[in-house]
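Student: Sharing a structure with you now.
The values are calculated or read from the model by the stated rules, or taken from the named source; none is laboratory data. All figures in this text were calculated on a predicted structure; none of them were measured in a lab. Methodologically, a virtual Cβ is constructed for each residue, glycine included, from the backbone with ideal geometry; neighbour enumeration extends over all protein chains shown.
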Amino acid sequence: MCYLPKLPLAVLRSAINKKVRIRLKDNSSYEGQLIALDEYMNVVLSDTVELDENLNPKVRWGVTLIRGNNILWVEIIED
């Protein structure tokens with residue numbers, strides 16, 4: 001069996017227009033539709049919702065730019 005690693009940016013590019021959850025280094029979480037990203041992993045989300053520590057909606061932000069150097073991890077949410 002041959003295992004080929006997937007590059008993080010390639011995986012994120014395939015997730016354009018899909019719902020994602022992003023955890024930042026300050027432990028805050030955001031959820032929204034991924035509409036753009038660049039080579040620095042800066043991402044733009046639409047319909048962004050800030051989540052509390054229990055992942056319940058806290059604040060609705062709309063279109064949001066998240067700078068890549070603040071991102072701890074990104075989860076692609078499969079519906």
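Here is a yes/no grid of residues against (1) in contact (Cβ under 8 Å) with a residue 24 or more places away in the chain; (2) under 17 Å from Asp79 (Cα atoms):
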residue	(1), (2)
Lys25	yes, no
Gly32	yes, yes
Asp47	no, yes
Arg67	yes, no
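Student: Turning to a different aspect of this structure: In the stretch 20-34, is there at least one residue being of a type in the set (Asp, Glu) and buried (at least 17 other Cβ atoms within 10 Å of the Cβ)?
Tutor: Yes - at least one qualifying residue is present in the stretch 20-34.
Student: Can you run down the residue pairs with Cβ atoms below 6 Å, 6 or more apart or on separate chains, where the first is in the stretch 1-17 and at positive phi and at pLDDT 95 or above and the partner is hydroxyl-bearing (Ser, Thr, Tyr) and in a helix (DSSP H, G or I)?
Tutor: That search, which allows pairs on different chains as well, returns nothing.
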